[in-house]
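Peer 1: Okay, here's the structure, questions in a sec.
The values are calculated or read from the model by the stated rules, or taken from the named source; none is laboratory data. Keep in mind it's a predicted model, so treat the numbers as computed, not measured. Using ideal geometry, Cβ is built from the backbone for each residue, glycine included, and neighbour counts are taken over all protein chains shown. When the accessible area is computed, the model is the full protein with side chains, heavy atoms only, and any ligands, DNA or RNA have been set aside. Shrake-Rupley method; radii C 1.70, N 1.55, O 1.52, S 1.80 Å.
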Amino acid sequence: MERTVVRCAEGHVFSTASFPMQQAERLGPGRLVRCPRCARLRSVVPVALEKR
């Protein structure tokens with residue numbers, strides 16, 4: 001299963017396997033996922049990774 005690196009609304013960066021990547025026009029790229037650092041449901045967005 002592919003993992004996605006995301007950033008929560010509090011600024012914590014982590015990876016998740018449960019991030020649904022389907023894009024809806026009215027919803028945008030954000031989704032609600034439980035952040036492992038603050039243990040709350042937070043709005044998260046994918047992090048753009050640098051290619052080296």
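Peer 1: Give me the pairs, please: first residue somewhere in the stretch 29-52 and free of Cβ contacts under 8 Å to residues at least 12 places away in the same chain and over 14 Å from residue 5 (Cα atoms), second residue anywhere and open to solvent by 70 Å² or more (accessible area, probe 1.4 Å) and in a strand (DSSP E or B), beta-carbon distance under 8 Å, and either six or more positions apart or on two chains.
Peer 2: 40/34; 41/32; 41/34
Peer 1: Residues in the stretch 1-14 that are under 14 Å from residue 48 (Cβ atoms) and open to solvent by less than 100 Å² (accessible area, probe 1.4 Å): how many?
Peer 2: Going through the stretch 1-14, the residues under 14 Å from residue 48 (Cβ atoms) turn out to be 4-7, 13.
Among the residues that remain, those that are also open to solvent by less than 100 Å² (accessible area, probe 1.4 Å) are: 4-6, 13.
Here the count works out to 4.
Peer 1: Quick one: in the stretch 15-43, of everything that is modelled with pLDDT of 85 or more and of a type in the set (D, E, K, R), which residue is most open to solvent (accessible area, probe 1.4 Å)?
Peer 2: By that ranking, first place goes to 37.
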